[in-house]
Amino acid sequence: MSMNSFGHLFRVTTWGESHGPALGAVVDGCPPNVPLSADMIQHWLDKRKPGQNKFTTQRQEADQVEILSGVFEGKTTGTPIQLMIRNTDQRSKDYGDIHEKFRPGHADITYFQKYGNRDYRGGGRSSARETAARVAAGGVAREVLKSLLPEMKITGYMVQMGPHKIDRNNFDLAQIEANTFWTPDAVMAAKWDEYLSALRKSGSSVGAVVEVIASGLPAGLGAPVYAKLDTDIATAMMSINAVKAVEIGAGMDAATLTGEENADEITMGPDGPIYSSNHSGGILGGISTGQDVVCRFAVKPTSSILTPRNTITKSGENTEIITKGRHDPCVGIRAVPVGEAMMACVLLDHVLLHRGQIGENQGHIG
């Protein structure tokens, strides 16, 4: 299986399977002398680890990260950083019934068609378990960004579950870590609790939309054609398990706007350009404007459900399937820290690219 790496200068390769002995990431291109410890990375892994509440899979994994290389005396050395997270609560027997069957809506069938085999124990590389490695790598990226852009902040949260969207008038950043759903709308959090409780008891699942914002970025990150900042962000988010759509700024709604409505008018402020709005999502022509970079992605419902579904076996026979085991009724909840991690990796990559080619911005206004 190829193509397990992403990034240009800050490059991440993930490895491991859902029910293997361990999984992790190799992080290459990290600058030297950045303070880094396992505890710094663990903070972010604790946000996504399973079994934290009734709305996430009850698989009990500590997700304890180990740094095997690339750090000496508490600082990065500039050499590859090997991160490992051991699997400790696999229950492969839960998947015995689907050894010969393909789960509808799952990568089971395409993996088998491509490779001629598949790890049916939790999905192997197609499992959301793989995202733990991404979050660990994102933890490294955050520490480097902290040293290079101390004012920068990445914030992710859920804005929709099934058909139920948050009310932007209730938006309160302080609420994000105060509820189960990582949402800034406390009123909607209570409604989602009731809605998802009923779905969970029925053995079903539902999708969600996650928004990730990066603030405090300089203008100039990205490139005009094949390394556009929004291209790389979209690629990174789309690579997350179960993601089916990505938007930047106004996204699909941009198609409903007139030119006058979509234009983010510009005036001169004391410290540079000021934009009247941010339909562009902080990116124009693939290059950051200095505004908040705004991204949203849609996560499909978990494919493993208790409701009987029609499918086929590897031998081509029609059959029915019910998926047992421990699964997220809404995988979008734990996708929030994953989206933040991917944003961090992409932004650091572009900061390093910009620093290497341009250094300081060449165009000065005013």
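What to note about this one:
- Condition check for Ala255: part of a helix (DSSP H, G or I), aliphatic (A, V, I, L, M) and open to solvent by 40 Å² or more (accessible area, probe 1.4 Å): yes
- Residue selected from segment 258-277 under the condition in a strand (DSSP E or B) and surrounded by 10 or more Cβ atoms within 10 Å (Cβ to Cβ), by the criterion nearest to the chain's Cα centre (by Cα): Tyr275
- Selected residue (criterion: nearest to Tyr226 (Cα to Cα)) from residues of segment 1-21 that are in a loop (DSSP other than H, G, I, E, B) and of a type in the set (A, V, I, L, M, F, W, C): Leu9
- Within segment 160-184, being surrounded by 12 or more Cβ atoms within 10 Å (Cβ to Cβ), at pLDDT 95 or above and outside any loop (DSSP other than H, G, I, E, B) holds for Gln160, Met161, His164, Lys165, Asn170, Gln175, Ile176.
- Residue count for segment 309-337, restricted to those that are touching a residue at least 12 places away in the same chain (Cβ under 8 Å) and in a loop (DSSP other than H, G, I, E, B): 12
- Total residues in segment 344-366, condition in a loop (DSSP other than H, G, I, E, B), aliphatic (A, V, I, L, M) and surrounded by 10 or more Cβ atoms within 10 Å (Cβ to Cβ): 1
- Residue list for segment 123-167, restricted to those being without any contact (Cβ under 8 Å) to a residue 24 or more places away in the chain and not basic (Lys, Arg): Pro150, Pro163, Ile166, Asp167
- Here Gly282, Gly222, Gly269 are screened, and the one residue that is in contact with an Asp or Glu (Cβ under 7 Å, 6 or more places away or on another chain) and closer than 22 Å to His364 by Cβ is Gly282.
- Identity of the residue in segment 121-149, open to solvent by 60 Å² or more (accessible area, probe 1.4 Å) and either closer than 19 Å to Val294 by Cα or basic (Lys, Arg) (or both), that ends up nearest to the chain's Cα centre (by Cα): Lys146
- Taken over segment 279-293, the criterion of being touching a helix residue (DSSP H, G or I) at 6+ places or on another chain (Cβ under 9 Å), open to solvent by less than 40 Å² (accessible area, probe 1.4 Å) and touching a residue at least 60 places away in the same chain (Cβ under 8 Å) is satisfied by Gly282, Ile283, Gly286, Ser288, Val293.
- The test for being over 18 Å from Ala234 (Cβ atoms), in contact with a strand residue (DSSP E or B) (Cβ under 7 Å, 6 or more places away or on another chain) and buried (at least 23 other Cβ atoms within 10 Å of the Cβ) holds for Cys330.
- Residue within segment 235-244 that is assigned to a loop (DSSP other than H, G, I, E, B), of a type in the set (S, T, N, Q) and buried (at least 23 other Cβ atoms within 10 Å of the Cβ) present: no
- Of the residues making up segment 306-313, one or more are more than 24 Å from Gly156 (Cα to Cα) and among the basic types (Lys, Arg).
- Residues (crowded, with 22+ Cβ neighbours inside 10 Å and small (Gly, Ala, Ser)) located in segment 294-306: Ser304
- Subset of segment 22-54 [in a loop (DSSP other than H, G, I, E, B) and at pLDDT below 95]: Lys49, Pro50, Gly51, Gln52, Asn53, Lys54
- Selection within segment 185-221 - assigned to a loop (DSSP other than H, G, I, E, B), surrounded by fewer than 17 Cβ atoms within 10 Å (Cβ to Cβ) and either over 22 Å from the mean Cα position of the chain (by Cα) or modelled with pLDDT under 95 (or both): Gly203, Ser204, Pro218
- Reported count of residues in segment 1-31, each being small (Gly, Ala, Ser) and open to solvent by 20 Å² or more (accessible area, probe 1.4 Å), is 4.
The values are calculated or read from the model by the stated rules, or taken from the named source; none is laboratory data. These numbers were taken from a predicted model, which means no experiment stands behind them. Neighbour counts run over all protein chains shown; Cβ positions are idealised from the backbone, glycine included. Only protein heavy atoms, including side chains, enter the accessible area calculation; ligands, DNA and RNA are left aside. Shrake-Rupley method; radii C 1.70, N 1.55, O 1.52, S 1.80 Å.
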